[in-house]
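What follows is a single structure, written as structure tokens, with notes after it.
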Amino acid sequence: MSLRKILTQGDPALAKACRPVEKFDQKLHWLLDDLKETLANAGGVGLAAPQVGILRRAVVVEDENEQMIELVNPVIISQEGEQDGWEGCLSVPNQYGWVTRPNVVAVRAQDRDGNFFEVTGQELVARCFCHELEHLDGHLFVEHTGELYSPEEIDAMEAAEEDEAKKRPRRKGKRK
């Protein structure tokens, strides 16, 4: 296994659609292992092959138990609900946007040996499934948000919201 360089916004590879994986061989196994190692080293929760310059339909996503899920040729087969939240990307470093995604997402994919399986994720995992699968079609999360913010700007906004909440008058006494 080895660490791969994560491409950043503006690199042409991130805007290209990926080809399906057809060979489930040692080369694919190395790619998946490298994706997992690169993701762990970067401290993210998902990474797609095009983010390391490989235009194949393969991603890894960390689940709620911090286990890595390998998805080869993944397709979203169902989604439900809605969630809003801050979203970032290793290919758009230190920039975050407010993005709406489904709350529950089911994916059909193949494992590293070509066997089909289905997996369902909720909340953050569902968000990651959507985010990473969009990379496979040449899209970035920035297409879903009107404005990008740095971590410091988000901290300042959240602090201002907390201050505003403290200033709101509170009712005293019992409610009748």
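All of the numbers you see were taken from the coordinates with simple rules; none came from a lab. What you see is a predicted model; the values in this text were computed from it and never measured. Backbone-built Cβ (ideal geometry, glycine too); neighbour counts: all protein chains shown.
A few notes on this one:
- Formal net charge of residues neighbouring PRO93 (Cβ-Cβ distance under 15 Å; K, R +1; D, E -1): -3
- Legend: ranking of residues MET68, MET157 from fewest to most surrounding C-beta atoms inside 10 Å; resulting order MET157, MET68.
- Acute angle (nearest 10 degrees) that the helix 124-135 long axis makes with the longest principal axis of the chain, alpha-carbon atoms: 50 degrees
- When both the range 7-29 and the range 52-83 are represented by their alpha-carbon centers, they are found 14 Å apart.
- Residues LEU55, LEU133, ranked from the fewest to the most other C-beta atoms within 10 Å, line up as LEU55, LEU133.
- THR120 versus GLU158: modelled label distance in nm, points set 7 Å from Cα along the beta carbon direction: 3.0 nm
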